[in-house]
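Reviewing the structure listed below.
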Amino acid sequence: MFMSISTTGSAESPATDLGFLLHKHPGKVQRFATSHGEAHVFYPEAGDEVCTAALLLDVDPIALVRKGRGKGRGGSPDFALAQYVNDRPYAASSLLAVALRTVFRSAMKGVCPARPELPEQARPLRIVLPAVPANGAGEGGGAALVARLFEPLGWRVEAVAIPLDEAFPEWGESRYVRIELASETVRLADALQQLYVLLPVLDGAKHYWVAPDEVDKLLAAGEGWLAGHPERALIARRYLSRRWSLTRAAMERLELARLAEADDREVEEIDNAVDDHPEETAETAETTETAETADAAEAAAEPRQPSLAEQRRTAILAALREVGAAKVADLGCGQGELIGALLKDARFTEILGVDVSARALHVAARKLRLERLPERQAARVSLAQGALTYTDARLKGFDAAVLCEVIEHLDLPRLPALEYAVFGGARPGAVVVTTPNVEYNVRWETLPAGRARHADHRFEWSRAEFRAWAERVAATYGYTVVLRPVGPEDPEVGPPTQLALFRLGTEAAELTEVTEAAEAATAATPADSSAVPSATPAEPTATPATPEGGEPR
């Protein structure tokens with residue numbers, strides 16, 4: 001099993017700098033023990049203009065059989081005859097990927113103490129793999145699969161199928177290809193990480209059992225390139241040996257990483273709907289104080305007062321019934337409390353919960369017991385991961401959308417993107433928005449002055465500020481709006497929560513119907529060869545929302 005890495009240089013920047021990057025001296029032959037044989041690193045050529053490092057993996061087929069790896073689920077199909085003959089000593093596979101990590105561990109991390117400036121510099125690279133299995137397994141194989149995987153990463157790909165027997169060309173091509181990759185823009189550390197992931201993907205099998213920690217390995221090696229790869233679903237599926245539970249977990253985390261990168265934020269900033277260490281908020285403090293006086297309430301035989309969260313849900317349900325909504329999208333659904341209330345009312349026939357946090361969606365699915373619901377009930381609800389600052393085709397066609405305590409979690413500069421995605425892109429018949437009334441905060445005895453009700457709130461509006469925002473959005477996107485109080489209304493500072501009910505205006509509704517009819521007619525017309533296929537539910541099209549007259553945010 002052989003692989004070579006070449007680079008070019010000059011007297012000022014010699015090609016032998018490759019030795020510093022790989023932490024392997026060009027003047028030496030080095031040997032490393034692996035679990036299935038020995039790896040040898042040597043330099044067939046080393047000069048200022050051209051330098052080539054070669055990795056030769058000498059697999060011990062007897063050790064491979066004795067370890068009993070690769071058999072059964074997740075193993076290569078060739079291992080059915082592993083006791084007699086297999087291609088593992090000759091074809092690049094997960095064995096070579098593991099050897100790369102063993103031999104070039106520091107290079108893969110981009111560490112070079114002797115020349116710390118080198119790892120960040122992209123230099124001309126040429127990688128040659130003489131024999132790589134490129135199994136299709138119904139997903140397209142051969143040279144086409146190699147191009148699908150490497151070209152989006154900035155590589156020029158030359159993949160040539162190897163014939164079964166050169167003396168008998170009529171026998172056709174084998175499943176092996178000779179691969180040559182060239183690039184002037186890919187860093188060496190990234191190249192090694194990409195090979196570590198994509199060699200097992202091409203082979204479609206691994207020589208060891210795929211455990212849950214393989215998801216972490218995939219995401220670590222794919223950091224910076226995998227989340228934006230157009231074939232990330234195929235890569236995750238094949239890398240994880242088609243273990244669907246692991247693939248689903250990987251895809252959720254990749255989608256979260258993609259959304260965080262698009263928003264130029266850390267993953268932890270947007271995956272915060274489930275607190276690992278929840279802090280006490282003003283509203284939970286009120287609940288605690290109420291619990292401490294429960295004995296007195298019980299003694300007086302007074303009914304329990306509903307919490308503010310319950311009053312919010314009641315007000316939202318009343319607004320949805322008022323507009324006659326049957327299909328409802330809960331945008332920023334969190335842990336699914338509102339969805340649970342919607343499920344109890346048969347008039348809501350289709351419910352979609354959307355949240356950027358995969359953890360929140362998992363909690364919601366568990367709390368709602370979606371797997372245990374009767375079939376007809378379960379068919380009414382679906383959960384989807386997505387960012388509300390991006391237009392999303394999945395959000396179109398709903399009677400109403402709900403933003404319950406959501407807008408205050410966005411930075412103010414990003415709020416126009418949400419406005420366009422919801423009111424301009426999804427364009428439901430009605431939108432219900434609730435948000436805290438900052439004026440009421442003085443009534444929370446446990447809330448320090450000037451502090452928001454929740455640590456993640458980016459702003460909290462007064463009644464006048466919320467009214468001004470709601471009226472501006474309504475006028476911009478063709479809605480009418482009415483504002484309502486939620487919770488006990490204080491004569492001085494108003495209610496603790498404020499609600500806005502937007503309804504699509506008559507003229508705007510007619511315009512939407514005409515637009516949708518035109519889109520349907522266009523979809524029914526045969527597309528030309530340059531048309532882009534519409535997104536499937538598994539891979540929704542999400543584009544940055546662009547406010548009218550503004551730039552993408």
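Pairs are defined by a Cβ separation below 9 Å, a sequence spacing of at least 6 or placement on different chains, a first member in the stretch 1-22 that is closer than 17 Å to GLN193 by Cα, and a second member that is polar (S, T, N, Q) and surrounded by fewer than 18 Cβ atoms within 10 Å (Cβ to Cβ); the pairs so defined are LEU22/SER106. The criterion of at least 2 residues that are open to solvent by less than 10 Å² (accessible area, probe 1.4 Å) and touching a residue at least 12 places away in the same chain (Cβ under 8 Å) is met, among helices (runs of 4 or more DSSP H) falling completely within the stretch 81-154, by 94-103, 142-150.
Taken over the stretch 1-37, the criterion of being touching a strand residue (DSSP E or B) at 6+ places or on another chain (Cβ under 6 Å), over 21 Å from VAL128 (Cβ atoms) and in a strand (DSSP E or B) is satisfied by ARG31 alone.
Selection of first residues in the stretch 342-358 that are farther than 16 Å from LEU317 by Cβ and in contact (Cβ under 8 Å) with a residue 60 or more places away in the chain and of second residues that are assigned to a loop (DSSP other than H, G, I, E, B) and of a type in the set (Asp, Glu), restricted to Cβ pairs under 8 Å at least 6 apart or on distinct chains, gives the following pairs, ordered by first then second residue: VAL356/ASP271; SER357/ASP271; ALA358/ASP271. Within the stretch 183-229, the set of residues being in contact (Cβ under 8 Å) with a residue 24 or more places away in the chain, among the hydrophobic types (A, V, I, L, M, F, W, C) and part of a loop (DSSP other than H, G, I, E, B) comprises VAL186, ALA205, TRP209, VAL210, TRP225, LEU226, ALA227. Screening GLU280, GLU255, GLU286 for residues that are modelled with pLDDT of 55 or more and not β-branched (Val, Ile, Thr) leaves exactly one candidate, GLU255. Close Cβ contacts (under 8 Å, 6 or more residues apart or on different chains) running from residues in the stretch 313-331 that are under 12 Å from VAL431 (Cβ atoms) to residues that are of a type in the set (Lys, Arg) and open to solvent by 10 Å² or more (accessible area, probe 1.4 Å) comprise ALA319/ARG484; VAL323/ARG503.
Quick one: would you say LYS344 is open to solvent by 20 Å² or more (accessible area, probe 1.4 Å), within 21 Å of LEU388 (Cα to Cα) and not acidic (Asp, Glu)? So LYS344 fails the test.
Scoring THR543 on the criteria (1) at pLDDT below 90; (2) in a helix (DSSP H, G or I) leaves a single failure, condition (2).
If we keep just the residues of the stretch 189-214 that are open to solvent by 10 Å² or more (accessible area, probe 1.4 Å) and hydrophobic (A, V, I, L, M, F, W, C), which is modelled with the lowest pLDDT? Of everything passing the filter in the stretch 189-214, TRP209 is modelled with the lowest pLDDT. Surrounded by fewer than 22 Cβ atoms within 10 Å (Cβ to Cβ) and in a strand (DSSP E or B), is that true of GLU180? Judged against the criteria, GLU180 is a match.
The one condition from (1) more than 24 Å from THR314 (Cα to Cα); (2) touching a residue at least 12 places away in the same chain (Cβ under 8 Å); (3) not in a loop (DSSP other than H, G, I, E, B) that ASP456 does not meet is (3).
ALA233 falls short on exactly one of the conditions (1) among the aliphatic types (A, V, I, L, M); (2) at pLDDT below 85; (3) under 26 Å from ARG366 (Cβ atoms), and that condition is (2). Might you let me know whether the stretch 33-55 holds any residue that is among the aromatic types (Phe, Trp, Tyr), open to solvent by less than 50 Å² (accessible area, probe 1.4 Å), within 19 Å of GLN193 (Cβ to Cβ) and at pLDDT 85 or above? No: zero hits.
The values are calculated or read from the model by the stated rules, or taken from the named source; none is laboratory data. Computed from a prediction, not measured in an experiment: that's the story for all the values here. All Cβ positions, glycine included, derive from the backbone under ideal geometry; neighbour counts span all protein chains shown. Each accessible area value is taken on the protein alone, full model and side chains, heavy atoms only, with ligands, DNA and RNA left out. Shrake-Rupley method; radii C 1.70, N 1.55, O 1.52, S 1.80 Å.
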